[in-house]
Amino acid sequence: MARPTNKQDLLTTANRQFDKLCKLIDTMPGEKRQGTFSFADRDRNLRDVLIHLYEWHQLFLNWVRSNKAGVLINFLPEPYNWKTYPQMNMEFWKHHQTTHIEKAIAQLKESHAEVLKVVEPFTDEELFIKKYFPWTGSTHLGSYAISTTSSHYDWAIKKLKKHIKE
């Protein structure tokens with residue numbers, strides 16, 4: 001999968017990977033949908049994977065909306081940074097241990113649509129010129145959008161396929 005370099009490719013790839021993820025989930029046998037992964041790590045089941053995606057959507061949405069409104073914030077909330085974000089992921093995991101799978105699916109579908117809606121008004125230049133916005137640091141806004149959508153969906157698909165195979 002080639003990394004998108006313009007808005008249309010970003011949106012198309014995000015939707016394509018999201019559709020693949022949804023179709024994979026829809027075809028998962030019940031025992032696999034409800035089952036625990038044999039490869040234990042932070043994300044131990046389907047709900048954990050979906051909530052992880054949802055929470056990263058929330059990071060993106062909050063970051064873009066705040067910065068566009070003139071309230072400058074980092075992508076990762078305090079006290080986290082790119083060295084400590086695994087602890088943030090664990091906090092997401094802990095927070096959602098009672099979230100029902102159907103709620104996780106609904107939240108993810110809604111947040112996916114919200115991310116695309118937030119990305120839509122940006123131009124190719126705003127999305128793909130590095131440092132176009134001072135709040136994107138040394139990269140471009142599109143990189144964050146891709147990482148939060150299609151790249152993250154690809155990670156989830158691989159994880160779920162591994163679980164289905166076992």
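Can you figure out the FRET efficiency of LYS20 with ASN74, using R₀ = 25 Å and their beta-carbon distance, to the nearest 0.05? Don't skip to the end; give the middle numbers.
Numbers: r = 31 Å, r/R0 = 1.23.
So, using R0 = 25 Å, E works out to roughly 0.20.
To test your reading of the geometry: what angle, between 0 and 90 degrees and rounded to tens, separates the Cα axis of helix 150-165 from the longest principal axis of the chain?
10
With N residues in segment 78-146, what two-decimal value do you get for its Cα radius of gyration over 2.2 N^0.38 Å?
Taking N as the residue count of segment 78-146, the ratio is 1.40.
For helix 85-95, what angle does its Cα long axis make with the longest principal axis of the chain, in degrees from 0 to 90 and rounded to 10?
Rounded to the nearest ten degrees, it is 50.
Give me the angle, in degrees from 0 to 90, between the Cα long axis of helix 7-27 and the longest principal axis of the Cα atoms of the chain, rounded to the nearest 10.
It works out to around 10 degrees.
Using only Cα atoms, what is the ratio of the radius of gyration of the chain to 2.2 N^0.38 Å?
Here the answer is 1.05, to two decimals.
Report the relative contact order of the chain, percent, no decimals, based on alpha-carbon pairs under 8 angstrom and at least 6 residues apart. Intermediate results must be reported in sequence, preceding the final value.
Details: 153 pairs, mean separation 59.5, N = 166.
In percent, rounded to a whole number, it is 36.
Would you mind telling me the share, in percent, of accessible area of segment 1-131 contributed by carbon and sulfur at probe 1.4 angstrom?
C and S fraction of accessible area: 53 percent.
Long-range amide H contacts for ASN45: which residues qualify at under 5 Å (H placed 1.01 Å from N, peptide plane, sequence gap of 5 or more or a different chain)?
PHE37
Student exercise: in segment 111-166, how many lysine pairs 8 or more apart or on different chains have Cα atoms under 30 Å apart?
Details: LYS117/LYS130; LYS117/LYS131; LYS117/LYS158; LYS117/LYS159; LYS117/LYS161; LYS130/LYS158.
The result is 6.
Show which aspartates and glutamates lie in cross-link reach of LYS32 when reach means a straight Cα distance below 12 angstrom and same-chain residues fewer than eight apart are skipped.
Answer for LYS32, where 12 Å is the Cα cut-off: GLU166, listed by chain and number.
The values are calculated or read from the model by the stated rules, or taken from the named source; none is laboratory data. Remember, it's a predicted structure, so these values are computed and weren't measured experimentally. Quick reminder, even Gly has a Cβ in these numbers, built from the backbone with ideal geometry, and neighbours come from all protein chains shown. With ligands, DNA and RNA removed, areas are computed over all heavy atoms of the protein, side chains included. Shrake-Rupley method; radii C 1.70, N 1.55, O 1.52, S 1.80 Å.
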